[in-house]
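The values are calculated or read from the model by the stated rules, or taken from the named source; none is laboratory data. Since the structure is predicted, the reported quantities are computational estimates derived from the model, not experimental observations. Positions of Cβ are backbone-derived with ideal geometry, glycine not excepted, and every protein chain shown enters the neighbour counts. Accessible surface areas use protein heavy atoms only, side chains included; no ligands, DNA or RNA. Shrake-Rupley method; radii C 1.70, N 1.55, O 1.52, S 1.80 Å.
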Amino acid sequence: MTVTSKLEDNNNRDSVPFYSALDKALKKRKIKLDGMCAPTDPVGKRILEEYGAVFLATKKVLPPPRCVFTNEDQVTRFQEEAGWEQERIGFDYIELQPEALKHLRKAREEAQKEGLDITPRDGAEAARRNYEDSVRLWNSRFIPALDYWLSKGRLTESRVTELKGLPLSQQIAEVLELENAGIYFSKDLSKSILYSIAAPGTSQHIHMLAFDVNEFENPRVREILAKHGWFQTVLSDLPHFTFLGLKEKDLPKHGLRGVEVNGQTFWIPNVDGSKHPGLDK
Ligand SMILES: [Zn+2]
């Protein structure tokens, strides 16, 4: 993977630090960061810094009230408060917050005028998901990875049993800890699980502000999506686009910085200039 930080670009020169931008954004919404995501919790911090772009989105959408949802009830309440609309694309029905869907429709119309299209990857799951979906998808990476590392002798039978039995919050913490030692849980087992699937209860799909796009490899499709407020904000998750509803040129002012990976630009939280843990893969 070729990674070029675009920090030296004009674009990023006046990139505001993520936490100052976040502070400002939360104040406007009258939310306290501590109540949303305990600063002492390393998992919450990591998740905020990987998926946090969503908290800086336009005021026309509702970001989640917490970094990690821990049950279906919390998710249902949030999704009802935010509201969503449905759209049929091909044979699939996808659901997003109304403002996000409105701009996806516009992007799609523009793409279609040029003989292109923007379609959901893996059907309805490309957009809104519930808590249970996020747990199931986590297990679809977690369980096969455990089997693999067991077969390689990197984990013992008893350790695997123990990991499977842990409460989710602890399980996530342990997985991230194992990944520090090179025991990765992504689908291809070569990078962090967080670039492959969100930890349960943390997905931007739960927030109804993410859409997985089949045509992500087409630069013109990415350009059209960006024009309509949709950006890649999770490193290495290539088909995954997040609705921010902001202009691309304004993203640095909102605490994000552009990072180019294999010719694709990701807008990620501008936490510091240090090397990103996912970048050496
Ligand atoms: Zn996604």
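Take 54-66, 130-142, 226-238 and order them by the average number of nearby Cβ atoms within 10 Å per residue, most first; the result is 226-238, 54-66, 130-142. Amide H contacts of I89: I94, each under 5 Å away and 5 or more positions distant or on a separate chain (H built 1.01 Å from N in the peptide plane; Pro and chain starts excluded). Residue by residue, the stretch 22-29 carries 3J(HN,Hα) couplings of 5, 4, 5, 4, 5, 4, 4, 8 Hz when phi is fed to the Karplus relation 6.51 cos²θ - 1.76 cosθ + 1.60 (θ = phi - 60°); x denotes Gly or Pro. Simple rule: put +1 on each Lys or Arg Cβ and -1 on each Asp or Glu Cβ in the chain, find the dipole, and look at S15, F142, I268; the Cα lying farthest toward the positive end is S15.
With a 1.4 Å probe and every protein chain left in place, work out the accessible area per residue of the stretch 131-195 in Å², rounded to a whole number.
Dividing the accessible area of the stretch 131-195 by its residue count gives 50 Å².
What the Cβ-Cβ distance of N71 and K187 gives, at R0 = 41 Å and to the nearest 0.05, is a FRET efficiency of 0.95.
Annotation: per residue accessible area for the stretch 59-128 equals 55 Å², rounded to a whole number [probe 1.4 Å, protein chains only]. Each label was represented as a point 7 Å from its Cα along the Cα-to-Cβ direction; for N180 and K32 these points are 2.9 nm apart.
For the stretch 79-118, which whole-number percentage of the solvent-accessible area (1.4 Å probe, protein heavy atoms only) is attributable to carbon and sulfur atoms? Of the solvent-accessible surface of the stretch 79-118, carbon and sulfur hold 44 percent.
Against the main long axis of the alpha-carbon atoms of the chain, helix 131-151 sits at an angle near 40°. From most to least packed by mean Cβ count within 10 Å, the peptides 91-97, 241-247 give 241-247, 91-97.
Please give the charge dipole size of the chain, origin at the Cα centre, charges +1 on K and R Cβ atoms and -1 on D and E Cβ atoms. Round to the nearest 20 debye.
Here the chain has a charge dipole of around 760 debye.
Placing unit charges on the Cβ atoms only, positive for Lys and Arg and negative for Asp and Glu, gives the stretch 131-195 a dipole magnitude near 180 debye about its Cα centre. Principal-axis analysis of the Cα atoms of the chain puts helix 168-180 at an angle of about 90° to the longest axis. Working from label points 7 Å from Cα in the Cα-to-Cβ sense, the R154 to N139 distance is 2.3 nm. Across the accessible surface of the stretch 213-268, with the other protein chains kept in place and a 1.4 Å probe, carbon and sulfur atoms take up 47 percent. Atom-type composition of the exposed protein surface of the stretch 131-195 places 51 percent of the accessible area on carbon and sulfur (1.4 angstrom probe). Highest mean first, the peptides 153-159, 210-216 sorted by other C-beta atoms within 10 Å per residue fall in the order 210-216, 153-159.
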